[in-house]
């Protein structure tokens, strides 16, 4: 099973404490990068939430946000008169504004208003944990769905490269013939006496140097290994697939540099194009 690092999940409920809504979204990342945007009253359960997320998500840039609109019966506020007066007194030293304008500024400053909110109890804690699990399952389902699309695209890219590899294999005999004729023509154009035995030896040595059979065999094996890895049951395999794609690229590049044959080089360019598409997709594979 292939899983993407892109996903989204949410959950919400109306409780006796107030309206609670929770959103989780994830993007690709080399490691697990958790960012929790929580209401201050949930800070004491942040580590529990992080533990649940890290156990399930493994990798990705994950943002979790909990919105909590507390019910009126659990909320009251009180003005800190002495603090506000002190703020206004200090503000008058630096601005000529009137008292009403200074009051508007002062009530927005720290400690001007005391909020008496409900203390997070075990019941609310359990509700938050349930919401996290619901949203997390939705996110993982999203990742799996995206992973299935990625798998389809990657296997299509591999199939294209395999088809092009077959074309190169068919061109191999024609390529050798073309290289031989080109070298012979260059020698004959010199219009000098040639030791044909020595010429044949040098020609064989050169052809051995540009032989691509080993590269073709390795490339074929890498493509098979990539397909096998994609179809493995393990979830976390993005890094492994990236490594295999690098090996595929290495063989394609070597074939291109050795080919010395225009028709083959054109196919190599097409293979590189398919490989680049794969690499872009692999950045998002878990």
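The values are calculated or read from the model by the stated rules, or taken from the named source; none is laboratory data. A quick note: this is a predicted structure, and the numbers were derived from the prediction, not measured. Reconstructed Cβ throughout: ideal geometry from the backbone, glycine too, with neighbour counts over all protein chains shown.
Among the residues that make up segment 137-148, is at least one of them modelled with pLDDT under 85, assigned to a helix (DSSP H, G or I) and surrounded by 13 or more Cβ atoms within 10 Å (Cβ to Cβ)?
No, because not a single residue in segment 137-148 is modelled with pLDDT under 85, assigned to a helix (DSSP H, G or I) and surrounded by 13 or more Cβ atoms within 10 Å (Cβ to Cβ).
Of all residues in segment 51-62, which are surrounded by 16 or more Cβ atoms within 10 Å (Cβ to Cβ) and within 17 Å of residue 134 (Cβ to Cβ)?
Those that are surrounded by 16 or more Cβ atoms within 10 Å (Cβ to Cβ) and within 17 Å of residue 134 (Cβ to Cβ): 53, 57, 62.
Among the numbered conditions (1) in contact with a helix residue (DSSP H, G or I) (Cβ under 7 Å, 6 or more places away or on another chain); (2) at pLDDT 95 or above, the only one that residue 159 does not meet is (1). When each of 90, 33, 23 is tested for being at pLDDT 90 or above and loosely packed, with under 15 Cβ neighbours inside 10 Å, the lone residue that passes is 33. Residue 128 - would you say it is closer than 30 Å to residue 49 by Cα, within 43 Å of the chain's Cα centre (by Cα) and modelled with pLDDT of 80 or more? Against the criterion (closer than 30 Å to residue 49 by Cα, within 43 Å of the chain's Cα centre (by Cα) and modelled with pLDDT of 80 or more), residue 128 qualifies.
Just checking, does segment 261-280 include any residue being surrounded by fewer than 19 Cβ atoms within 10 Å (Cβ to Cβ), part of a loop (DSSP other than H, G, I, E, B) and either modelled with pLDDT under 95 or in the same structural domain as residue 61 (by TED's automatic domain parsing) (or both)? Looking for residues that are surrounded by fewer than 19 Cβ atoms within 10 Å (Cβ to Cβ), part of a loop (DSSP other than H, G, I, E, B) and either modelled with pLDDT under 95 or in the same structural domain as residue 61 (by TED's automatic domain parsing) (or both), one finds none in segment 261-280, hence no.
Within segment 227-236, being surrounded by 12 or more Cβ atoms within 10 Å (Cβ to Cβ) and either in contact with a strand residue (DSSP E or B) (Cβ under 7 Å, 6 or more places away or on another chain) or assigned to a helix (DSSP H, G or I) (or both) holds for 227, 229, 230. When the residues of segment 197-225 are filtered to those that are more than 23 Å from residue 171 (Cβ to Cβ) and surrounded by 10 or more Cβ atoms within 10 Å (Cβ to Cβ), the one that is modelled with the highest pLDDT is 225.
Name the residues in segment 63-82 that are modelled with pLDDT under 80 and either in contact with a helix residue (DSSP H, G or I) (Cβ under 7 Å, 6 or more places away or on another chain) or surrounded by 12 or more Cβ atoms within 10 Å (Cβ to Cβ) (or both), would you? The answer is 68, 69, 70, 71, 74, 75, 79, 80.
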